[in-house]
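Undergrad: Encoded as structure tokens, here's the structure I'll be asking about.
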Amino acid sequence: MRALPNHILKALQAWAIVTKDRSASDSSFGSSFKEVWSKRKRNMIFGSKFNPLATKFTGFSVCHHLYDDSVMLTLVRYGIYSSLSTESATATFLLLQNWKSLNANAYMQMLRKYPEHCTILGIIPQASVTYRR
Amino acid sequence: MAPKDTSYDNLERQGFDLHPDPLNNWKTAHGDTIRQKAVFDMQPTNPELDIQPTGNYEVWIREISPIAQVKLARTEAHRIDTEIPISPTKYATLPQVSDATRACAYTPDGKFVGMLSTKLYNNLANAFHHAMDSGYHNQVMPPSKDLNSELVSILYYKRNAPRKFINK
């Protein structure tokens, strides 16, 4: 099952006060996140909320969806517009793929378009991202 | 025309009994009793993984021995040439076998669906019971039967979900 490595999630929780997982996989259930969202409606059985895009992003969230350019563009747009349209403190940490160091993707162009509202915090080497089961 | 073996005696027929209906002499009646008791399962059965059907969704914590294929080198210089025979200086690349405890999920007819780590299984079980106590289950249709059936459902979902990951 697809899930981010624990050390990345724990670092975000410890140092960026992230409490919400907008892209929960099964292994997010029962974790220390206060709220999790899943795109599978049936996962409400495990306490997750349905459809991360049903409401605007508020609070401090992590989001790591499929490696699909259109999905990631949607999330970047959603994160930016959510922060622009809310009064409460909002930060969305997205883990975006940077294939072969190309940054001409639509979502990367979107990041450059809103420099006051989003920034690249760092690049995680491929070898440090191993998915757990 | 009667089948040729009707004229053979029992010794020549090697013990095969003729069918009592003379029109079906060619159909052997040999082992009728045991054949009527036999049940043929048309679904593939894997005796290493599947269990005896219980009629319920099951999750068993059990010892398994997963086999992991060793990743072969990708560069041309390190690629293993399968034409060169194994020798004292050229070792075979064998899969790695390890022992592990896993939560294995089965359908009511005993078919293995998939497995989870015991830690993930415990997390999911805790989340399931917490959500049930919090009333989340009332919002889900059809209502949940039990934890095991939901875990099997998740594993089926994962198996059938389209794989969008493309290594660019």
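Undergrad: Does A:K56 meet the test of being open to solvent by 60 Å² or more (accessible area, probe 1.4 Å) and either within 13 Å of chain B (Cβ to nearest Cβ) or modelled with pLDDT under 85 (or both)?
TA: Considered against the rule, which asks whether it is open to solvent by 60 Å² or more (accessible area, probe 1.4 Å) and either within 13 Å of chain B (Cβ to nearest Cβ) or modelled with pLDDT under 85 (or both), A:K56 comes out as no.
Undergrad: Among the residues of the stretch A:83-91, is there at least one that is without any contact (Cβ under 8 Å) to a residue 12 or more places away in the chain, more than 10 Å from chain B (Cβ to nearest Cβ) and not polar (S, T, N, Q)?
TA: Within the stretch A:83-91, one or more residues are without any contact (Cβ under 8 Å) to a residue 12 or more places away in the chain, more than 10 Å from chain B (Cβ to nearest Cβ) and not polar (S, T, N, Q).
Undergrad: Scan the stretch A:60-70 and give yes if some residue there is in a helix (DSSP H, G or I), within 14 Å of another protein chain (Cβ to nearest Cβ) and surrounded by fewer than 18 Cβ atoms within 10 Å (Cβ to Cβ), otherwise no.
TA: Scanning the stretch A:60-70, I find at least one residue that is in a helix (DSSP H, G or I), within 14 Å of another protein chain (Cβ to nearest Cβ) and surrounded by fewer than 18 Cβ atoms within 10 Å (Cβ to Cβ), so the answer is yes.
Undergrad: Follow-up. Does any residue of the stretch B:104-127 turn out to be exposed (fewer than 10 other Cβ atoms within 10 Å of the Cβ), more than 10 Å from chain A (Cβ to nearest Cβ) and either assigned to a helix (DSSP H, G or I) or not polar (S, T, N, Q) (or both)?
TA: No: zero hits.
Undergrad: When you scan the stretch B:152-168, do you find a residue that is in contact with a strand residue (DSSP E or B) (Cβ under 6 Å, 6 or more places away or on another chain), open to solvent by less than 40 Å² (accessible area, probe 1.4 Å) and modelled with pLDDT of 85 or more, even just one? Spell out the reasoning first.
TA: First, the residues of the stretch B:152-168 that are in contact with a strand residue (DSSP E or B) (Cβ under 6 Å, 6 or more places away or on another chain): B:152, B:155.
Add one more test, that the residue is open to solvent by less than 40 Å² (accessible area, probe 1.4 Å), and what stays is B:152, B:155.
Those still in the list that are modelled with pLDDT of 85 or more too: B:152, B:155.
Yes.
Undergrad: Here's a follow-up. For B:Q96, work out the one condition from (1) at pLDDT 90 or above; (2) open to solvent by 90 Å² or more (accessible area, probe 1.4 Å) it doesn't fulfil.
TA: Going through the list (1) at pLDDT 90 or above; (2) open to solvent by 90 Å² or more (accessible area, probe 1.4 Å), B:Q96 breaks only (1).
The values are calculated or read from the model by the stated rules, or taken from the named source; none is laboratory data. None of these values were measured; they are calculated from a predicted model. Cβ sites come from the backbone with ideal geometry, for glycine too, and all protein chains shown count toward neighbours. Please note that ligands, DNA and RNA were not included when accessible areas were found on the heavy atoms of the full protein model with its side chains. Shrake-Rupley method; radii C 1.70, N 1.55, O 1.52, S 1.80 Å.
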